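Worksheet: one structure, shown below.
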Amino acid sequence: MRKSWLTASTAALALTAALGASPGMAQDKPAQGGTIVVTYKDDMATLDPAIGYDWQNWSMINGLFSRLVDYRFGTTEIIPSLAKSWTISPDGLTYVFTLDPKATFTNGRKLVAADVKYSIERAVNPKTQGPGGGFFHSVVGQDKMADGSATTISGIEAPDDATVKFTLSQPDATFLNVLALNFASVVPKEAADAAGADFGKHPVGSGAFKLDEWVPGQRLVFSRNAAYFRDRPQIDGFRVEIGQEPLVAILRLQKGEVDIAGDGIPPAKYLEIKNSPEGKDQIVDRAQFETSYITINTTVKPFDDVRVRQALNMAINKDRIVRIINGRATPASQLLPPLMPGYDDAYKGYAYDVAGAKKLLADAGHADGFATTLFAMNTDPNPRIAQAIQQDLAAVGIKAEIKALAQPEVIAAGGNKEQSPLIWSGGMGWIADFPDPSDFYGPILGCGGAVTGGWNWSWFCDKGFEDRATKADAMSKPEDKQARYNTWKAIFTDIQAKQAPWVPVFNERRVVAKSTRMGGPDEIYIDPTRVIDYEAIYVKP
């Protein structure tokens, strides 16, 4: 047994540098204290770590719960968390973790190894209807629990209260990264069973914060967990105010009434704030592993015809859409973002070609076009982007009705196979859970994500690509790293060129507005794995 094995995290420091971060981000450490105000237009869908999977609730869930391993703040470097140490067998098939004895749940009970096993099994259990079970595909027995033929995962063992053992069916280059995901968060069985479907409204974890109050549609109030087994957080708590239009939130932030405007800066205010005297202290602007796209439900007519999907790719004027957001993005040619290993520099995607799109539609038997529905989030600028998409589709004969809904409703529509033929993902574009190309496949293009409540909103599921993806993830030795990335490159290029389940639209820079009293480096306000790192941000003295 040895202490290290190649995972996506071992190559991550170079990627962190590409994002503009550095592991040695020295900052003056302030005195602990202060409560901050965060705003969002839409309420949270859930705070259940087995179910919540959007950029809005991801940070909050991360702060409420703990996992075996974590990331050093602002970076993609794996560090210990609930596990104070671990060993990995030379063949990469056995992981043994030793738990930190200081960890307790906020209900007062000591956290033990059986809780880790239960929590991951709960995430995989199809009855939970969560989107993250497929991440654990390499664990022996996961497939049987996922299909309902087993009630436990044989490859997870808890031989004593302090030890968790995982047995994998094949080496997995991303396994430690998977264990740092919110889906691997540890929950107490008694609390989850007692709350049932309402556990997401009444979460009990072992994280840096606890939820004190949730008034639906109005506010969520979080306070520091005094019994937290690690050193952070700095702030005493944070209050999330719901129902704030982004423009109103920005105006309040400029007055000092809001500390973080969660929905970002509306395009209409961006240049004003950027050019203001306070702009450099209020705007956080960073590149990210992100692609915003239109999902095409490949299982419903006429989108089950690849020619129709390719026509949609040719119909969209991406340059015009980028201008709607003040140029804070670059047009996307493919599914992977440019910073991600495996990005194909040689693949240029589908050119904007109205005549070519019309010809493909005619070849598919739709010379007169057809009617469909486009779902989109109702927070600015997404309704305006949806209208631009609607106009582009109309130019090739496709009449798209727009349904602009609150974020949780769009997510629910995407996870319903019969409900959503097209979805503009803006505001919910895919941001990598960890810096590895596999994360742009499994949850959003793989068969494991094509389930009720999942995030594979194109419902694309292809056995041939599944087999190729499985083989790619088994390439975990250091000498295989580049070959693995090249394998993923070919997978993504083939999916888009031959199947076109998405229209990749742009790769967006994330922009966050914070008050001038907030301290800490930019990397913790646009954290590559947490979105906002509530554990690390602080109020200046």
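Things worth noting here:
- For the range 505-525, the criterion of being assigned to a loop (DSSP other than H, G, I, E, B), farther than 30 Å from GLU409 by Cβ, touching a helix residue (DSSP H, G or I) at 6+ places or on another chain (Cβ under 8 Å) and open to solvent by 20 Å² or more (accessible area, probe 1.4 Å) is satisfied by at least one residue.
- Considered as a group, the residues in the range 33-50 that are of a type in the set (Val, Ile, Thr) and open to solvent by 10 Å² or more (accessible area, probe 1.4 Å) include one that is nearest to ASN225 (Cα to Cα), and that residue is THR35.
- Count of residues meeting criterion [of a type outside the set (Val, Ile, Thr) and either touching a Pro at 6+ places or on another chain (Cβ under 9 Å) or open to solvent by less than 20 Å² (accessible area, probe 1.4 Å) (or both)] in the range 398-420: 7
- Condition met for PHE183 (at pLDDT 95 or above, within 30 Å of ASP439 (Cα to Cα), part of a helix (DSSP H, G or I) and open to solvent by less than 20 Å² (accessible area, probe 1.4 Å)): yes
- Test: residue in the range 333-355 that is touching a Pro at 6+ places or on another chain (Cβ under 6 Å), farther than 22 Å from PHE440 by Cα, without any contact (Cβ under 8 Å) to a residue 60 or more places away in the chain and assigned to a loop (DSSP other than H, G, I, E, B): no
- Reported count of residues in the range 481-505, each being closer than 18 Å to ASP91 by Cβ and touching a Leu at 6+ places or on another chain (Cβ under 8 Å), is 1.
- Residue within the range 390-413 that is on the phi > 0 side of the Ramachandran plot, at pLDDT 95 or above and not basic (Lys, Arg) present: yes
- Scanning the range 336-382 for residues that are in contact with a Ser or Thr (Cβ under 6 Å, 6 or more places away or on another chain) and closer than 24 Å to PRO421 by Cβ, we see that the one that is least open to solvent (accessible area, probe 1.4 Å) is PHE375.
- Selection within the range 134-156 - under 15 Å from LEU179 (Cβ atoms) and either open to solvent by less than 10 Å² (accessible area, probe 1.4 Å) or more than 25 Å from the chain's Cα centre (by Cα) (or both): PHE136, SER138, VAL139, ILE153, GLY155, ILE156
- Here the condition is being outside any loop (DSSP other than H, G, I, E, B) and in contact with a Gly (Cβ under 7 Å, 6 or more places away or on another chain); of THR330, THR291, it holds for THR291 alone.
- When ASN107 is tested against (1) among the polar types (S, T, N, Q); (2) assigned to a loop (DSSP other than H, G, I, E, B); (3) open to solvent by less than 30 Å² (accessible area, probe 1.4 Å), just one condition goes unmet, and that condition is (3).
- Tabulated pairs, the range 220-242, first at pLDDT 95 or above and surrounded by 20 or more Cβ atoms within 10 Å (Cβ to Cβ), second among the hydroxyl-bearing types (Ser, Thr, Tyr) and not in a strand (DSSP E or B), C-beta under 8 angstrom, 6+ apart or interchain: PHE222/TYR534; ASN225/THR106; ASN225/SER206; TYR228/SER206; ILE235/TYR534; PHE238/TYR534
- Just one of the listed residues (VAL37, VAL96) is of a type in the set (Val, Ile, Thr), part of a strand (DSSP E or B) and over 29 Å from GLN170 (Cβ atoms), namely VAL37.
- Count - residues of the range 59-97 that are over 30 Å from TYR40 (Cβ atoms) and out of contact with any Asp or Glu (no Cβ under 8 Å at 6 or more places or on another chain): 12
Here is a yes/no grid of residues against (1) open to solvent by less than 30 Å² (accessible area, probe 1.4 Å); (2) at pLDDT below 95:
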{"site": "ALA268", "(1), (2)": "no, yes"}
{"site": "ASN275", "(1), (2)": "no, yes"}
{"site": "LYS280", "(1), (2)": "no, yes"}
{"site": "THR295", "(1), (2)": "yes, no"}
{"site": "THR299", "(1), (2)": "no, no"}
{"site": "LYS318", "(1), (2)": "yes, no"}
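- Scanning the range 426-461 for residues that are polar (S, T, N, Q), crowded, with 24+ Cβ neighbours inside 10 Å, in a loop (DSSP other than H, G, I, E, B) and in contact (Cβ under 8 Å) with a residue 60 or more places away in the chain turns up just one, SER458.
- Test: GLY200 is on the phi > 0 side of the Ramachandran plot and not aliphatic (A, V, I, L, M): no
The values are calculated or read from the model by the stated rules, or taken from the named source; none is laboratory data. This is a predicted model, so every value here is computed, not measured. Neighbour counts are summed over all protein chains in view; Cβ atoms, including those assigned to glycine, are modelled from backbone coordinates with ideal geometry. Ligands, DNA and RNA are excluded from the accessible area calculation, which covers all protein heavy atoms including side chains. Shrake-Rupley method; radii C 1.70, N 1.55, O 1.52, S 1.80 Å.
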